[in-house]
1. Name the pairs whose Cβ atoms lie under 6 Å apart, with the first residue in the range 195-213 and touching a residue at least 12 places away in the same chain (Cβ under 8 Å) and closer than 18 Å to Arg259 by Cβ, the second hydrophobic (A, V, I, L, M, F, W, C) and within 11 Å of ligand 2 (Cβ to nearest atom), and 6 or more positions between them or separate chains?
2. Residues to consider are Thr131, Thr194; find the one that is in contact with a Lys or Arg (Cβ under 6 Å, 6 or more places away or on another chain), under 26 Å from Thr3 (Cα atoms) and either open to solvent by 30 Å² or more (accessible area, probe 1.4 Å) or part of a strand (DSSP E or B) (or both).
3. For residues in the range 220-268 being part of a loop (DSSP other than H, G, I, E, B) and within 16 Å of ligand 2 (Cβ to nearest atom), which is least open to solvent (accessible area, probe 1.4 Å)?
Amino acid sequence: MMTRSYYAPKGGLPGQDQLLTDRAMFTEAYAVIPKGTMRDITTSFLPFWDRTRLWVIARPLSGFAETFSHYIMEVMPGGGSERPETDPGAQGVLFVVEGSLSVTVDGEAHEMGPGGYAYLPPRSGWTLRNTGSEPVRFHWIRKAYQAVEGLSQPEVIVANEADVAPVPMPETEGKWATTRFVDPSDLRHDMHVTIVTLESGAVLPFMETHVMEHGLYVLEGKGVYRLNQDWVEVEAGDYMWLRAFCPQACYAGGPGPFRYLLYKDVNRHMPLGLGRPG
Ligand code: UGY
Ligand code: MN
């Protein structure tokens, strides 16, 4: 079986001898939040979570993410929450990068380790505990679920990347593949969180320009990403937010694979709200 590596930030604070030039950027079309920015002083806390801190790397904000928030959670042994989600309309995806935890939902406890993925629909009443002896670090992506009359809410999904075969992109001999945890034809879902794997030297072969917004966390390797009019070098631990329609392409830089966790909003009509009464 292939061994995957998943980058996980640890915090700390750099010494006073550091040079300050880094790749952090916040533009109208995209943001780059490099791994070096995830330090102790950039953490937050949440109500009803114990022995836990987090980095918020995306949130709904004018000129930034519109459809989702993205946290990197760090929960110490024994920590967790009996009331993790306080928004009844929020669905969530968890993706574990280090350590182990137990998620209980629908009366069933699921042990999750690195590569573990969970989809948690709104009001599912899930709880979470670090059952290991080391800190657990995981991504938590939240989106307000857009219900549609005639479509039911999706069920809970718990999986591990190791058990899901990546789907190769056409004409790439598998050098560009996507690991999907949700069937793309299941229109109950209004967000996809997938893992994109590009082998060394593979490319995203055109300037994708699409209505879907992206959050993109590099799990492994390095590459050069085209974001709007700029080429940016990125590596494991870096985060990018891409506004809807931000032109994007990339080269995988080797020597190993370039892999990232990708958020994308999908499968819903465009609200025609602007200028409309009521
Ligand atoms: O599906 C996607 O939009 C994907 N190919 N985009 C990306 O990896 N930046
Ligand atoms: Mn894209």
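1. The qualifying pairs are Val196/Leu262; Leu204/Ala249; Leu204/Cys250.
2. Thr194
3. First, pick out the residues of the range 220-268 that are part of a loop (DSSP other than H, G, I, E, B): 221, 228-229, 236-238, 243-247, 253-257, 266-268.
If we keep only those that are within 16 Å of ligand 2 (Cβ to nearest atom) too, we end up with 228, 243-247, 266-267.
Values: Asn228: 48, Arg243: 88, Ala244: 39, Phe245: 118, Cys246: 4, Pro247: 30, Val266: 22, Asn267: 58 Å².
Per the stated criteria, the residue is Cys246.
The values are calculated or read from the model by the stated rules, or taken from the named source; none is laboratory data. Quantities reported herein were computed from a predicted structural model and do not represent experimental measurements. All Cβ positions, even for glycine, are placed from backbone atoms using ideal geometry, and neighbour counts span all protein chains on display. For accessibility, only protein heavy atoms count, side chains too; no ligands or nucleic acids. Shrake-Rupley method; radii C 1.70, N 1.55, O 1.52, S 1.80 Å.
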